[in-house]
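Down below is the structure, laid out as structure tokens.
The values are calculated or read from the model by the stated rules, or taken from the named source; none is laboratory data. What you see is a predicted model; the values in this text were computed from it and never measured. Cβ: placed from backbone, ideal geometry, glycine included. Neighbour counts: every protein chain shown. Surface accessibility is based on the protein's heavy atoms, side chains included, excluding ligands, DNA and RNA. Shrake-Rupley method; radii C 1.70, N 1.55, O 1.52, S 1.80 Å.
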Amino acid sequence: MRRVIKFGGSLFDLPGLAAKLHTWFDHQPAAENLIIVGGGEFVECLRRIDQLHELTELDAHWLAIEAMSLTARLLSRLTALPIAITLQMPRVPLPVILDVAACLAADGQLRAQFQSDLPASWQSTSDSIAAFFAQHWLAHELVLFKSTLPANACSCYELAASGVVDRHFPRAASRLSSIRVVDFRSSNGAEIRISPAGGA
């Protein structure tokens, strides 16, 4: 079984982050785990700079992806989990953190597909990027770690409408077989399951 986990960049201020993450994995069914880390405050800073200086959409998009390399390495330092720069990984017992920018730079075919599938704009952020990699890694499920759970959402479209994920996510995730959203700040790891097809 393969599982992709999108670790929200807003979660870096969580006390005991490393222990909580390892405990979560200990309670999950056995799987190969690939973690994709959101850009967090680094990307929020980039958004503000974009608003002030009006970067091109393409520049803002790829700078945000490069910021995800920084947060990936930060999570690696905090958790002692290894970094991967390719989807062609040997099976390892530990979860692996993907450096998205390095992976795309190393694989021209994957980068071309990435550029074709995801719009180079703020409409597709790290949630859609995680869905893209879940699809191309042939993951059995995508798990989104968030700071809260949406109040009333059972589909990808409702998640996007509520602002929990980006606007492109319903399309990016449409071919995934299983999606969970986890409130990683909660003491009991509360979660909901989402319909990839959108429930339309």
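Condition (residue is outside any helix (DSSP H, G or I) and either in contact with a helix residue (DSSP H, G or I) (Cβ under 6 Å, 6 or more places away or on another chain) or surrounded by 15 or more Cβ atoms within 10 Å (Cβ to Cβ) (or both)) applied to region 39-47: is it met by at least one residue? For region 39-47, residues outside any helix (DSSP H, G or I) and either in contact with a helix residue (DSSP H, G or I) (Cβ under 6 Å, 6 or more places away or on another chain) or surrounded by 15 or more Cβ atoms within 10 Å (Cβ to Cβ) (or both): present. Only helices (runs of 4 or more DSSP H) whose full extent lies in region 105-185 are considered here, and the ones with at least 2 residues that are under 26 Å from F12 (Cα atoms) are 126-136, 156-161, 169-172.
Going by what's in this entry, would V96 be described as in contact with a helix residue (DSSP H, G or I) (Cβ under 8 Å, 6 or more places away or on another chain) and either touching a residue at least 40 places away in the same chain (Cβ under 8 Å) or of a type outside the set (K, R) (or both)? Spelling it out, it is not the case that V96 is in contact with a helix residue (DSSP H, G or I) (Cβ under 8 Å, 6 or more places away or on another chain) and either touching a residue at least 40 places away in the same chain (Cβ under 8 Å) or of a type outside the set (K, R) (or both). Being in a helix (DSSP H, G or I) and either touching a residue at least 24 places away in the same chain (Cβ under 8 Å) or aliphatic (A, V, I, L, M) (or both) is the requirement here; does F12 meet it? Taking the combined requirement at face value, the residue satisfies it.
V182 - would you say it is open to solvent by less than 20 Å² (accessible area, probe 1.4 Å) and in contact with a Cys (Cβ under 8 Å, 6 or more places away or on another chain)? Here the answer is no, as V182 does not meet what is asked. Only residues that are buried (at least 16 other Cβ atoms within 10 Å of the Cβ), over 18 Å from S124 (Cβ atoms) and out of contact with any helix residue (DSSP H, G or I) (no Cβ under 9 Å at 6 or more places or on another chain) were counted in region 48-93, giving 1.
Just one of the listed residues (A80, A105) is closer than 29 Å to N188 by Cβ and either among the small types (G, A, S) or touching a Cys at 6+ places or on another chain (Cβ under 6 Å) (or both), and it is A80. A single entry from L74, L63, L81 fulfils the requirement of being at pLDDT 95 or above, of a type outside the set (S, T, Y) and within 25 Å of L149 (Cα to Cα): L74. Restricting attention to region 99-145, the residues that are of a type in the set (A, V, I, L, M, F, W, C), in contact (Cβ under 8 Å) with a residue 24 or more places away in the chain and out of contact with any strand residue (DSSP E or B) (no Cβ under 9 Å at 6 or more places or on another chain) add up to 7. Assess whether T148 counts as being within 19 Å of A102 (Cβ to Cβ) and touching a residue at least 24 places away in the same chain (Cβ under 8 Å). The answer is no for T148. Could you please find all residues in region 30-70 being more than 20 Å from the chain's Cα centre (by Cα) and either closer than 22 Å to S186 by Cβ or of a type in the set (V, I, T) (or both)? Listed by number, the residues that qualify are I49, T56.
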